[in-house]
Structures are given as C-alpha cells and as structure tokens.
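Notes for the one structure printed next.
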Amino acid sequence: MTEHWRDVAHVGHAELLTPAPEASLEYFTTLLGLTVAAEGDGSWYLRGYGDYEPYSLKLTASSRAGLGHLAVRTWSPEALDRRVAWLVAAGIPGRWTEPDGGKGPAYEFRDPDGHPVRIYYETTKYAPPAGQRPAMKSNHQRYAGRGANVRRLEHVNLMARDVRACREFWADGFGLRTFEIIRRGDGSEDGAWLSSTVQGHEVIYVRDHLGGVGRLHHLAFWVDSREDVLRAADLMNDAGVPIEAGPSRHIPIQGFYLYTREPGGNRIEICSGGYLGFDPDDEPVVWTPAEYAAKPGWGARLPATFRTYGTPPTGAPEETETSDWPAALSRSPPGAFKPFGSRGEFVPTLSRGSIEMPGQAGLTGSVKITIAGSGAMGCRFGAALFAAGHEVLLLDGWAEHVAAINADGLRVTDETGTRVLPVPAALLPAADHPADGSPADGFSAADQPDLVIVFTKATATAAVAAAAAGAIGPDTLVLTLQNGLDNIEALLAHVPAARLLAGTTTLATELVGPGHIRALGSGDTAFGPVPGEASAGEASAGGPGAEGTERVRAALSGAGLSVRVAPNALELVWAKVAFNCVMNTLCSIASIPVSALARYDGFDPLASSILDEIAAVARAEGVTVDTAAALATMKAQFDPSASGSHLASMLQDLMNSRRTEIAHLNGAVAARAARHGLAAPANTLIARLIGLLEATWPDRVNALPAD
Ligand code: NAD
C-alpha cells in the first residue's frame, strides 16, 4: 500500500462563470441562502454560513457558463511549496496569481483536461460585520436561515475526456485519496471520486461523453440533513426552478441530492448525507459499468441529460434533447430563464404551465433496459438508448460479439461516421443451446430492468425468452419489434399481456461483424398494447396501460427514434407480416432488388393471392388487414429512391446461408389457416419455395456453363 501524505487540506472555493450574472446572484443568495462577502471587477464573493474563509463561491460575469477555476488550500506554506515543486518537476506550466478576495497568492495550473486549478495557503478568516457576530465563538457567522440555507461548498464535479489521467494527476501530485471508481474492462474510467479529507468526495471527475474540453458538471453545496434537501426541492419548485434530478440518493458516496440549474446554465447540487472514510488503508471501491448500471441500492435513476449536459454546453443535440427534462428549459439560452424579480422576491415566471412537461408522473430518470437478442437491430436500439443516458445492457448468445462489445465498445457506423459506445453486454445461451427455462447467468432482482426489448430473429424468440426469463421482474415491461407471427405468443409464456407491448419498425440495420453494426437511414417505429386473452381484440384489455406505454414511448423518442403508439399491436404486426410475406419472399424467389418488382405486370394478382389469404386468417383472429393499403405500401417501395434498390433481408439471409424467418411469415399464415379451417394454398406454396431455396441455395446456378 502506498503511504498517504497530506499536503492539500481541502477544496477552498470554485469560481463559477455566468452569462446571466444578476439572475445567478439572486439564485445563490435568495434560493441557496449564500451571503455576499465582497464584490468587485464583475465578481461576487459568496459564502455559506459555515465557511471559515471569506468565500467558497466566486461568481463572475462572463460571456459563457462554466468553471472559472477550482482552488484548493494546503496545510502549510511548506506544503504549498512542495506541490508547486512537483508541478514544475512534472513540466506542468503554471504561474503565480495575486491574492484574490483575501486568499492567496495562488499558483495556477491546469489539470489534464484543461480545467484551471489554483493552489494556495495564505487566507483570511472571515470576520462578520459588527452586530452580526454569532452567539457561539465556534461559529463563523450567524445562522443564515435563508432559502436552502447551505452551509458550504461541498464538492466540485468536472467532466473529462480521460477520467483516469485526471484522477492519477490528483492522486500522484496532490495526495488526494480515491474513494470510488467506475472502471471499464479496458482500464479507462467513467467516473472517479476523490477527496483530501474523510468526506467521500471533494473533487469528482466524470467522463465527458460528448468530448468537450474543461467542462463543469456541477458544483455541490451542503445542507445539514436529507430533510433540508427535500425542503430545498419545495423551495425550487415554488420558485419555478425546474428540478433536473432528485431528491434521491447517488450510488457513489451515497450522497442525497437535488439538482437544478442556476440561471446562467450551470448545474448546481444541494446535497447531504453520504459516508465518511476513516480507514487509512482502505482501497477504492471499483464498479464495472454493468454493476453501476444495475443501480444497487435504492434511488431514482438520473435523467439522460445528466450524462451529457455540462458547462459550457457543446451544442450537441443529445445534451438537451431528452424526454425527461422540460423541453422549454432545454432550449433556453443561458440567462433566458429568470425565476426572480429584480428585487429578489420569488416571482415564478417559468410556471409549470409554461413548461411542456413530457407525459405524466413517473417519467423522470433514465430507464433500465435490457436488450434480449442484440444483433443488428438490438444493438441499434441499444446504442440509441444508451447514448440518451438510459441504463442499457445488451444480451446476446454470440460469444465473440459480446466479447468484442465489452472489450472495445459497440461500434455504430452510419452516414456520419463511426461512433464507439461503451454499452455493457452479457452472454446468454445461444439459439442452438436453448436454456431450460431456468434464469440464465443468475439474474437477480437487482438485474431486473424496467424494460426488456426482444430483438432476435423470430426463429429464436422462444429460446431467448426462456433464457432471459430471469430478467423479467414483476414490474418489467417487455417490447417486441420483431418481424413475423408467433413472437407475441412465445413471449406470453413469460410475461402477461398486461406487461407486453408489440409493434414494428422500418429502421434498417446490418451486422457488420462482432461488435459492429451499420445503421442505414431513418425509419419509423410503432407499437401498442397486446390485447389480453380474456377479451382478444379489445386493446384496452391488454398492455401496460397509458403510463407504462408512455414511458416506453418517451424513452424511445428521447433516444432520437421516430415513434408512435398505436391502439392495438396486432394490427401493426399483421400489417408488417403482410408486407414481408409478399415483398421479402417474391424478391427472394426471383433473386431481385425490390425495384425490379415494378417491371412485372403480374405483381398485383400475385401479391393479392397471398394477401387475401393473410387477411382471411387475420380476420379469423379478430384483426383487420387492409389489403388495398398493404398493396399501396408495397408499391411505394418500388421507387429506387425509397428502398427500391435494397435487397430484401430474406434474400440477404439466403445469400449468407442464414435461416430465414419464413416459418413465422407465410409458414405461420399457412399453419394458422389450417387451425381456423381456412385454405391458404398461395402461402403454403411460397413457404415451401423459400424452404427449397434455404435447402439448395449453395447449388444455385447464376450463369450458363462456359461452353
Ligand atoms: P440479427 O440476426 O442481426 O440479430 C439477432 C441476434 O439474436 C443475434 O445477434 C443472435 O446472436 C441473437 N440470438 C439468437 N438466438 C439467441 C438466443 N437464444 N439467445 C440470445 N441471443 C440469441 O437480427 P436483426 O436483423 O437484428 O433482426 C431482429 C428482428 O428484427 C427480426 O425479427 C427482424 O426481422 C427484425 N427487423 C430487422 C431489421 C433489420 O434491418 N435488420 C429491420 C426491421 C425488423
């Protein structure tokens, strides 16, 4: 174990930049309860009533939001000299700055991500003005009792492109102790919690997922109890200040939190609780991303913006586009949001009514999502949801694919390039080794997500549902957007209709190789409730109700997907089945791109012979298939500028010697027709022809013999 040495005493203050200085000042004085100790040169020096120094927040008018600098105080002048000597020896540029607001001189340098940091020893002890002295000489100022009544600056959370480098910089150069780390399989870190005292965090680094430079995640101010955090939430709420997250409890350090943004756009936390670390030879707690995503312990999930938003903002859409954060605020430029009147009274100009609240209660926080079957489509949805800040776990039976994702991240290529996302993945028994129905990989209640999205081929739905059954908890919703019939029935063996959603998507995606997908263009996704058994056909009898459905819609929509909710899942599924039973199969049999169908005059009667049988079987099951609309949708695809030149996925499956989904398309139609006493010769024949192609494709002749 390395010996701990202590040159840094504590975090002294932070300078916060604000483009809305007057409104920011009102937020900090009226709502947080800080006192202005001094002002000048466009800055205010603000103190909590527990600060022994003159200030712990320097608020400075600026053209942008963010961190001006972070300052730490050393134990002695000698300790300051030692730390500066270390910086100089390490070749880190720096300079001495003049005393500022009664602190310093300070030596200013930058951390590895470019955040300005000052280190100082000389300071002034706060002396309250005459007539303002506290009763007890152990206090530094009279009890403020204003607003949230924060006592002091508690910690500073910085975003960084290389969290590990920043953590090691503070540990090696300044002796800060690491309490907790989120560390990936490749050794890089998503978060690190450091402190020079027994308090679990003074300096925090979190990964800047948008690659910003020197950004601030938040400043946190301490109140004495969890009840005070709840009280602060009431205050913010009544002042019309939207609450981004909380009140709730964090995983790291277990702090109890409330997050709002001050009018300049900087995120501010009011916190209490959390553990203290006294053990001198304690090792840091290291979480894997999957352990962290599993959210051990109680507490709400953080909203998508918590991963992406920082100051100054990068301007990336994912920083503000989220379904779980008031849209009006997300779009507000800094300073546009002014909750108070000019004299400091509470004037809630941004009332609830003026904010488009998404959906209803229960939508806040990220959704915990497991993708069961993470091939092309599962990874596409998983990547989008992960990037939007949801807790995503990819399950798949292909060991090489899972290993590649965990080792190098999920690679997603689209027309803009390739992004690598650190989505955690885990192995499930593969389709050819179906599970016996017992929970695979030891799912525990903590692993059970809010939502499971099933995305295998229809041929593997029963197997993956059995293998992942342990992940489906008593409150878990299940969504299938797979093609074909029988998926719903297979899933109903593991989840009641009341928690099952089904639908379709026109997004197209290819699996390039292990850990790598190619997302092709855009598309629409629609889903809805599955009618309950007792009253098949009545949508209201099934599905998770409006709240659960909206929660899923909001998560998908917030992840940038074009999504709508339909009243009945079966109508969506059958409409897509009708489309695939004609287009996929005919293009495969003829071995042509979609657009070539336009040149065949006999398309309408051929397609109708298949469609009419499908409509009859669907009708027998209480579902209407509009054959005229289906035909029109198909013909719209003939246009090469639509998907006309694409090869049908079934044809691609044949060309790649993969099993097709025919048994769940025309094959399932034929089987269901037989059960209903209906004739389905066209679908039976089509299913057999595709079966013939599956069996003989390698012997296919594509050219005349040479002689
Ligand atoms: P895919 O073959 O790329 O992915 C399926 C994944 O499921 C694979 O990674 C496979 O390893 C895994 N799997 C199979 N059996 C398993 C088991 N028992 N346990 C765990 N994992 C298992 O398929 P895809 O293209 O993503 O298609 C998924 C569904 O979405 C299909 O119903 C398809 O028709 C439909 N769909 C696909 C597209 C597309 O463009 N790819 C578009 C719309 C709809």
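The values are calculated or read from the model by the stated rules, or taken from the named source; none is laboratory data. Not measured: the values here are computed from a predicted model. No Cβ is skipped: glycine too gets one built from the backbone with ideal geometry, and neighbour counts run over all protein chains shown. In case anyone asks, the SASA skips ligands and DNA or RNA and just uses the protein heavy atoms, side chains included. Shrake-Rupley method; radii C 1.70, N 1.55, O 1.52, S 1.80 Å.
Think of each Lys and Arg Cβ as +1 and each Asp and Glu Cβ as -1; about the Cα centre, that makes the dipole of the chain roughly 1160 debye.
With viscosity set to 1.306 mPa s at 10 °C, what whole-number translational diffusion coefficient in µm²/s follows for segment 119-213 from Stokes-Einstein and a Kirkwood radius over Cα pairs? Roughly 99 µm²/s, to the nearest whole number.
Distances between placed amide hydrogens fall under 5 Å for residue 111 paired with 117, all partners being 5 or more residues away or on another chain. Rounded to the nearest 10 degrees, the angle from helix 77-89 to the longest Cα principal axis of the chain is 50 degrees. Evaluated with a Cβ-only charge set (Lys, Arg +1; Asp, Glu -1), segment 572-699 carries a dipole of roughly 220 debye about its Cα centre, given to the nearest 20. Counting only protein heavy atoms and using a 1.4 Å probe, the accessible area of residue 122 comes to about 100 Å². Only beta bridges with both residues in the chain are counted; by DSSP, about 60 percent of them are antiparallel.
Here the calculated FRET efficiency for residue 127 and residue 524, from their Cβ-Cβ distance with R0 = 51 Å, stands at 0.15, rounded to the nearest 0.05.
Among 309, 662, 625, which residue has its Cα furthest toward the positive end of the charge dipole of the chain, with +1 on Lys/Arg Cβ and -1 on Asp/Glu Cβ? The residue sitting most towards the positive pole is 309. Taking the chain as the region of interest, the number of lysine pairs whose Cα atoms are within less than 17 Å, with members eight or more places apart or on different chains, is 7. Average 1/r across all pairs of distinct alpha carbons in the chain, invert it, and you get the Kirkwood radius: 28.2 Å. What is segment 8-331 by shape, rounded, prolate or oblate, if you read a ≥ b ≥ c off the alpha carbon gyration tensor as root eigenvalues and call it rounded for a/c under 1.5, prolate for a/b larger than b/c, and oblate otherwise? It is rounded, given that a/c, with a ≥ b ≥ c, falls under 1.5. Based on alpha-carbon atoms, the Kirkwood radius and the radius of gyration of segment 618-678 give Rg/Rh equal to 1.07. Heavy-atom accessible area for residue 583, with the other protein chains in place and a 1.4 Å probe, reaches approximately 10 Å². Split the accessible area of segment 8-331 by element, probe 1.4 Å, and carbon with sulfur accounts for 52%.
Per-residue surface analysis assigns residue 60 an accessible area of about 20 Å², computed on protein heavy atoms at 1.4 Å probe radius. Over the chain, dividing the summed -39,500 (n - 2.57) contributions of all DSSP H runs of at least 4 residues by the number of residues returns a 222 nm mean residue ellipticity of -8000 deg cm²/dmol.
Taking all Cα pairs closer than 8 Å and separated by 6 or more residues, the relative contact order of the chain comes to 8 percent.
Is the C-alpha gyration tensor of segment 572-699 telling us rounded, prolate or oblate? Criteria: a/c under 1.5 is rounded; beyond that, a/b larger than b/c is prolate, otherwise oblate. Taking the square roots of the gyration eigenvalues as a ≥ b ≥ c, segment 572-699 is oblate. Packing order of peptides 591-603, 381-393, highest average first: 381-393, 591-603 (average count of other Cβ atoms within 10 Å over each peptide's residues). With the cut-off at 1.5 for a/c, could you classify segment 368-567 from its C-alpha gyration tensor as rounded, prolate or oblate? It comes out oblate by the Cα gyration axes. Taking all protein chains into account, the per residue accessible area for the chain stands at 41 Å² (1.4 Å probe).
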